[in-house]
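A.B. asks: Dumping the structure here so I can ask a few things about it.
Any read-out appearing in this document is the output of simple, stated calculations on the displayed coordinates, not a laboratory observation. As the structure is a computational prediction, the values presented were derived from the model and not from experiment. Positions of Cβ are backbone-derived with ideal geometry, glycine not excepted, and every protein chain shown enters the neighbour counts.
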Amino acid sequence: MKRKEGAPSQQKFHHEIDALSTVIASFLESNKLPLEELIRILKEKQKQKTPLMIPSSILRERKLGIMEAVVKYLKEEFHLTYHQVAVFLRRDDRVIWATYNNALRKHKEKLQPSEPNVWIPLPVFSDPEKGPLEAVSIYLKDSSSMSFKQIGDLLSRDNRVIWTVYNKRKKLRK
């Protein structure tokens, strides 16, 4: 079997694993930490570095509300529990359960991303003081510098609705 271009040699790989093992053993001993706890902490840290991304194209599904589409996508694509989705979105578990079941009733098939598409970080939807359409509109307008027409086309919504939602929040910020 040929080695992939840029892949480390077996000898170098084993040498680096030995070095890493020594560092980890020293860290665990000095912090009185079990290996399982270190692994859990590292996994949590990794999740924080790379937020889940939601494709804007799933928000075009007119049968579903925006939050229904987000919850359905998270549950089906990432196989998250209701509690995990609730934690990510800073909502109550029961609300997430109800939202997912409503979405299932309206749209049984799995949501598939399509083009045109903009990837939206999950934390955009986690502000309970903003509605989902408001949150995504503000993100796309302020972070991506999209016009109201572009946002409306991307989300299959009327650009006047996008303008109204955006400007309503802008007035509240003053």
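A.B. asks: Compare Phe13, Phe125, Phe88 in a GNM of the chain, Cα atoms joined below 10 Å, and give the one with the largest fluctuation.
C.D. replies: The residue that fluctuates most here is Phe13.
A.B. asks: Continuing with the same structure: Where is the GNM fluctuation largest for the chain (alpha-carbon springs, 10 angstrom cutoff): Ser156, Ser30, Ser137?
C.D. replies: Comparing Ser156, Ser30, Ser137 in the GNM, the peak value goes to Ser30.
A.B. asks: Next question, about the same structure. Under DSSP H, which helices of the chain have Cα atoms covering 18 Å or more of the helix axis and a Kyte-Doolittle average no less than -0.5?
C.D. replies: Those that clear 18 Å and a mean of -0.5 are 10-31.
A.B. asks: Just give me a number: lysine pairs in the range 53-173, eight or more positions apart or cross-chain, with C-alpha atoms less than 16 Å apart.
C.D. replies: For the range 53-173, the number of qualifying lysine pairs is 18.
A.B. asks: On a straight-distance basis, which aspartates and glutamates could pair with Lys32 in a cross-link, Cα separation under 20 angstrom, same-chain partners fewer than 8 positions away excluded?
C.D. replies: Output for Lys32: Glu44.
A.B. asks: Can you find, among Val161, Thr81, Met67, the residue farthest towards the positive end of the dipole of the range 53-173? Put +1 on the C-beta of Lys and Arg, -1 on that of Asp and Glu.
C.D. replies: Val161
A.B. asks: If you don't mind, another one. Once you put a point 7 Å from the Cα of Leu42 and another 7 Å from the Cα of Gln84, both along the Cβ direction, what distance in nm separates them?
C.D. replies: That separation, rounded to one decimal, is 1.9 nm.
A.B. asks: Between [x] 31; [y] 42; [z] 52, which entry matches percent of Cα pairs over 24 Å apart as derived from the coordinates of this structure?
C.D. replies: Only one listed value fits the structure, namely [z].
A.B. asks: Go ahead and set up a Gaussian network model of the chain, Cα springs under 10 Å, then flag whichever of Lys32, Lys141, Lys106 fluctuates most.
C.D. replies: Comparing Lys32, Lys141, Lys106 in a Gaussian network model of the chain, the most mobile one is Lys32.
A.B. asks: Would you order Tyr73, Tyr139 from fewest to most other beta-carbon atoms within 10 Å of each residue's own beta-carbon?
C.D. replies: Lowest to highest Cβ neighbour count: Tyr139, Tyr73.
A.B. asks: May I ask you to derive the relative contact order of the chain, considering only C-alpha pairs under 8 Å and at least 6 residues apart, and to give it as an integer percent?
C.D. replies: About 21 percent, as a whole number.
A.B. asks: Within a Cβ distance under 11 Å of Thr81, other residues only, what is the Lys/Arg minus Asp/Glu net charge?
C.D. replies: Spelling it out: positives minus negatives among the neighbours equals 0.
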